[in-house]
Structure formats: structure tokens, C-alpha cells
Amino acid sequence: MVEDLSGDSSKGDTNSEAIAGEIAELQRQIAYHDDRYFRLDDPVISDAEYDELTRRLSALLSDHPSLATSAQIEAVGAAPSELFAPVRHRVAMMSLDKAFSYEELAAWRERLSRLLDEDPASVRFVCEPKIDGLAVSVTYREGAFSEASTRGDGITGEDVTANVQTLCGRSLPKRLTLGKEETPALLEVRGEIYMPISAFEALNRRQGEAREKLFANPRNSAAGSLRQKDPTITASRELRFWSYQVGELIQAKVKASLLRLPTQEDLPFSCHSESLKFLLAAGLPVNPEIKVVTGLEEAFEYCKYWESHRHDLDYEIDGVVLKVDELSLQRRLGATSHAPRWAIAYKLPPEERTTKLVAITVSIGRTGKATPLAELEPVHIAGSTVRFATLHNEDQVALKDVRVGDTVVVRKAGDVIPEIVRPVLELRPKDSEPWRFPTNCPSCGEPLMRLEGESDTYCTNVNCPAQRVQRIVHFASRPAMDIEGLGEQRVSQLVAAGLVANITDLYSLEKLPGKLAAMERLGELSVSNLLKSIEASKDRPLHRLLVALGIPHVGVTGALLLARAFGSLDRLMKASTEELAALDGVGPKIASGVVEFFSLPSNKQVLSRLIEAGVRTEESSASAGPGSGVAGGLALGLDGSQSLAVGDPIVAAGEPVPQILKGRSVVVTGTLAGLTRQQAEAAILARGGKSPGSVSKRTFALVVGSEPGSTKVAKAEELGVPTTDEAGFMTLLKTGELP
Ligand code: IVH
């Protein structure tokens, strides 16, 4: 059980059921992401997002300790896979609590001094880079390598002896280099297996040449290389090891097995730094960057140093681990059920890297909107290779004054979406020129148009090939008809081959077997799978069809409102502007947009061809009950029930979305860098919230993107409705609260 240090505010609290529910939900999500990360080596959220979940959970657990059960917090990580035999660790492999700022480190120090009754200025800390690899335990018996296991969930790991043995003689000793007298009967050393960045890049080059799957980052490639059924594959990869902890040590004389963390009494050392010296003397690799400091100020300097020097290393680090050096103090501090109190991981803030801006191209969207895109020299940031970053619009390029040939600072907004922070002016080539927005569409050559007072530029030629492709891509996208395997590349191929020119052509593709077979022979298509997904898309509920049609001003929220209110396309098409505008959440703009859309003969023709092809035009069908959203539906609990994520920015596909915005209305204005308006609205709805088109006194928050609507912002100000930016919106989606 977690100790109640703070005074448990949850006792007798009527909210405790809801909080317990949220704790359980966070546990479920964390367990899911642990499994993806540790067992499958295929994480679906960024480390920063994962950290947010764990932070929220620790905050809840520390505010409401009575709601924490040891079962809930003991196992951290992933249960072992079926690929390897399970091994129960004799001494649990704990994880670490995290700090994200100096304040959080200071709070940790306060806790230490309270528990130790010691002057914190005199406490010695061992500062170690936190290696971004995977934790393993390696055992030497009578000085010889004998077994190795992964961390697993901290209690049970996987037996990877055969794989780790391939590192012996390379990055691990086969035998400890100690004299007979000093050689322990048993030494269990813990550390991190990692792949150097240079080795990761070389491996990916080879994978690419062999047309094999690329690894996302060095951690993944280390995990993927280690967790191989065939150890000869592990042997062919460059894996290294940094030792960071003595797990168990049984000296030749004291043959007693220990079932707890080693303490001063069990070990022949009085401090952690001595144990590291011992490991080094035993021939084990110990990171030379490790430093012993006195007091937290110096420890913080060490953290700061690595914020700006992490790239000097040929391996990835994601933080700094601070450990109280003296084992007697460690012993007094003890541990909670998942982490020692004597250590903390200081997480480094999002990475910024510099790279060359090779070109600025302009892409044309389905509505004809022309968006400038920065093409970058590939750069590795926060676990993936970045090649492009959006520049949003003409004004944004001018504002940042980024030019082709510039060296630019790039980071991932919210640790996910790449963005250009600024150019490095000192490195600007002398002959560089400000970038000019093109006057003609790069796809069809027609003139581009920018209206007075607007920030966006458009290609107004509806027959523009780029727009055609994007309209089909939008039609097939996840929140719309969800046709798997029909992304931009595939659509461009189909359009270029003359097989489709518009959305209705998708449903007659099967009538072109000869042409499809030719594409399949070129390896461009798996025809049967594509035809199957197109067929499946015919049975989507009406709101998806409405999203897919791209009716002006109708996003996911509007489509749902309309589909729920009218039930069928037929009834919706007959509705008048007044009837539509009378619906709660449908303003005059949407109402007239809908009426105008359905009155256009060309649109009527498209609809009748879709109906002819057998596309469903009703919202509900016999098979579509609540929750049918996973397979074909949207990420929404249409009846207000728990929804499962599809294309959610935070929650992995198929996972339940916590209903943290229930009854709250969140309005979005302007353009967000990382999400389309539809995705933003879908994310709000999926959490049980509403996203109407205007601000009222009932609005919980107004999310303000770039180029926001001035009326909404003014209204929010007038009514005292809180506003937030995109980062705040992500926090809101994660926690249900504004930052
Ligand atoms: S000490 C009881 N030291 O971080 C202390 N861990 O979040 C256990 N890690 O599972 C860990 N570098 O995979 C420690 N110098 C270091 C580390 C380190 C990386 C990883 C390790 C562990 C995770 C904890």
C-alpha cells in the first residue's frame, strides 16, 4: 500500500467512485501502452503522452491513497510474451518516479529531507544518464555468465539468456575480471541494453535495401534485435550494455539468498558509487558520464547540462537518474510498491534539433487550399525521423522568415507533430532570398487566389488533379468511409492509371478487373483486399457519409447532429434552411451550406450514383448498435456510452476513450497544427463532450488555433469563458482539465 503522507482527501468523498474509476481507466490505458512498448516493441503514443498518463495516475494516487491498492500499482511494464520462458526476478525490478521540472526535483528533495531528517544540502547524489533502451538483468555465477532476463512487469521477465549471451565477449564479459577471492558466488547486475544511434542508422539502411520493415528508433531496434526467437539475429546486431545497479550479490563466503533489495548490510559497499566502481572492476561496462555530486543544486546542473548535450552521445537518453549515494540512507528511505524513494528520473524536455530546409513545396488540399510544406534534410527527433513540417500559410512563412537553404530549429509540438521553431540566422547563406508564395497551382497550373482579409490561398479549379486525389483520400479517410489501404499514394496511383477520377468511381472499380490485375502485377495493389475494404465501406452509418462528402462547414460534430436528427439522407435532403437552423448546434452557416450543397445538380448526381452502388443512407441499421464504432463507426458513444477510439490523437485505436468531457462544451476556432477541425471535434465528442459552433456562457473552454475567428474570441472574453491554445487542448483531451 502507498503510505498516506499527504492526508487522504478521498475518504468519505462522494467523488471517490468517479476517481477510482479514473484510476482504473488510467491503469488500463497504461497497461495497454506498456504492453505495446515492452512486449510488442510497437508503441502507439509518444513518451511524452505516456508520461502524461502516468503523471495523472500518480497525482490521483497520491491525492487519494486509500483508492490505491497494491495490486493496482505493483506491476509496471509488460507481462512476458509467449516467445520466451517467464522468469520471476528474485529481487523485483522496480521502476522510477519521474520529475519534469526543477520544482518537481525540489519537491522530491523536500520529501527526502522530511523522511531522513537530514540537511538536504549535504546529501550526495549519483547522477546517471537515463539510457533509452531496455532494462535487463544479467547474472554471473562463480564469475561466469549464466542467465539474463528482461524486466517484464518488474516481477516476472522473459528468459533471454541465449540472446544476451551473444553480447558476451563483445559488450559484456564472458567472465568477470576479478581475482578468485573477490569473485562473488552470484552477481546479478542490472542495466540497459541499447543500440548506438550510428548502428541504428546503419541497420535501417540495410533494412531499407532489403525492403524489410524499418525500425522507428534506436530503442525499438534494440528491443526488436534482442527479443528474437533466433539468437543468431541478435548476434548480427550491434547491441551494447550499460550497467547501472547491483541487483543481487552473494559473496563466496556468504551463501545466503536475498529476497529483498540489497542493503548496506548485505553488500560489501557503503554507497552506490562504490558498487559502480566494483562493476567496472569486474569488467562490466559502466557509463563514464556518471557523476557524484553533493546537494540538489549540483544535481540539477547535471540535468541542465544534458538538456543541451544529449546529442553529443551516440546513444539516446531520455533523462537523468538521480540516486541517493549512501546505501544507509537508501535503506531508511525504502520504496513504495513500484519505485524506490531514493531515486528519481528527471525527464528531459522535448528535443529540438537543427537541420537544413531543403525546399518549400505547396500542397493542394481537397478544398483547393494551398499549404506550404517545409522539406527537411532528415533529422532524428524524439524517436523518429522527421522529413517534413507544415508551414501553415503564407503569413506564417513570412512571420518566421524561413528560407530555402536555411538551417532551421525543428521540434515536435506536444512531442508529436514536427514544427519549425525558427531559422538560425547566423548560418543563413548570404545569397538567400525570402520565400515567395507561388502564383499558380503546382498541380493544374491555374492561378492561385487569396481573398482580402483571409490568410489562406486557394486553387479554385474544381478539376485540379491534386484536389481530385485529396477529395477521394478524404472520402476514404478514417472518420469518413474508412476504406483501409486507400491513402494518398494509392489514390494517386489509381488516378494516374485512369482508374478513378472521383469518389463514385471507387464503387465501380471491381468492373475493371483487367486494369486492376495489371496494377497488381506491378506490385502496386492488392486488389482483393482493396475491393473488400471498398465493399465494407458501403455499410457505414449516415454521419460518416456526410463527413465523407465534405459538405462546407459540416465536420464530425455537425454530421452527427444532422444524422441523428434526420435519420436518413432522404429526410435530410428535404429539410429547409429553417428546419436545419432550428437544431441545437446547427447555426445558419451550416444550415445554408447543407441546403446549397444538396441543391447542386452535380452533387445530386454523385449521391444518386452512390445510392445506386449500394451505399447506406440511414444512420442506424439492424447491425449497428452502440459500440459498433470500433469496426466501422466513429470514435463516439452515440448513446453516451463508453466509446472506443478510432483515429484519436491520444487514445490508441480500439481502446476505450475516457469520458472526461462529459457534459462539457468545448468550442474550437482557427487552425490547429496537429489536428484537423474534424479530428479535434471527434476527439471532444469521443470524450462525451460537445463541440458547438459558437461560444455561450455554458462553454467550458474555447480552443484558439492560428487565425481564429474574432467573434468567438471576443465572445469568450466577454463571457469570461477560458481560452486555451493547442497544447492546452491536448492537456484537456488527456486529463479533462485545462492546464
Ligand atoms: S535505475 C531501482 N538507472 O529507467 C532503480 N534505470 O524508469 C531502477 N534506466 O526500467 C532503475 N537508465 O530501464 C536506472 N541509469 C539508470 C537508467 C535506468 C535507464 C531505465 C531502466 C528502468 C527505467 C525506470
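The values are calculated or read from the model by the stated rules, or taken from the named source; none is laboratory data. Everything quoted here is computed from the prediction, not taken from an experiment. Here the Cβ positions follow ideal geometry from the backbone for every residue, glycine too, while neighbour counts run over all protein chains shown. Accessible surface areas use protein heavy atoms only, side chains included; no ligands, DNA or RNA. Shrake-Rupley method; radii C 1.70, N 1.55, O 1.52, S 1.80 Å.
Summary table
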quantity: Residues located in region 151-176, provided they are hydroxyl-bearing (Ser, Thr, Tyr) and modelled with pLDDT under 95; calculated: 156, 171
quantity: Members of region 278-296 that are in a loop (DSSP other than H, G, I, E, B), open to solvent by less than 20 Å² (accessible area, probe 1.4 Å) and away from the ligand (no atom under 13 Å from the Cβ); calculated: 282, 284, 295
quantity: Of residues in region 316-336 being under 29 Å from residue 220 (Cβ atoms) and either touching a Lys or Arg at 6+ places or on another chain (Cβ under 9 Å) or assigned to a loop (DSSP other than H, G, I, E, B) (or both), the one farthest from the ligand (Cβ to nearest atom); calculated: 316
quantity: Residue in region 339-354 that is away from the ligand (no atom under 16 Å from the Cβ) and in contact with a Ser or Thr (Cβ under 7 Å, 6 or more places away or on another chain) present; calculated: yes
quantity: Where a residue in region 698-714 is among the hydroxyl-bearing types (Ser, Thr, Tyr) and its partner, wherever it lies, is not in a loop (DSSP other than H, G, I, E, B), with Cβ under 8 Å and at least six apart; calculated: 699/665; 699/666; 699/667; 699/716; 699/719; 706/396; 706/671
quantity: Any chance residue 436 is surrounded by fewer than 16 Cβ atoms within 10 Å (Cβ to Cβ), part of a strand (DSSP E or B) and of a type in the set (Lys, Arg); calculated: no
quantity: Whichever residue in region 555-607 is in a loop (DSSP other than H, G, I, E, B) and open to solvent by 60 Å² or more (accessible area, probe 1.4 Å) and, among such residues, is farthest from residue 691 (Cα to Cα); calculated: 600
quantity: Residue count, region 110-163 (criterion: in contact (Cβ under 8 Å) with a residue 12 or more places away in the chain, part of a helix (DSSP H, G or I) and away from the ligand (no atom under 16 Å from the Cβ)); calculated: 9
quantity: Residues located in region 443-463, provided they are loosely packed, with under 15 Cβ neighbours inside 10 Å, part of a loop (DSSP other than H, G, I, E, B) and not acidic (Asp, Glu); calculated: 445, 451, 453, 460, 462, 463
quantity: Enumeration of residues in region 716-737 that are closer than 17 Å to residue 60 by Cβ and not in a helix (DSSP H, G or I); calculated: 736, 737
quantity: Hey, residue 550 open to solvent by 20 Å² or more (accessible area, probe 1.4 Å) and of a type outside the set (Ser, Thr, Tyr) or not; calculated: yes
quantity: Selection count where residues are under 20 Å from the mean Cα position of the chain (by Cα), under 19 Å from residue 677 (Cβ atoms) and of a type in the set (A, V, I, L, M, F, W, C), scope region 716-739; calculated: 5
quantity: Residue match in region 61-75 (condition: in a loop (DSSP other than H, G, I, E, B), within 16 Å of the ligand (Cβ to nearest atom), modelled with pLDDT under 70 and more than 25 Å from residue 332 (Cβ to Cβ)); calculated: yes
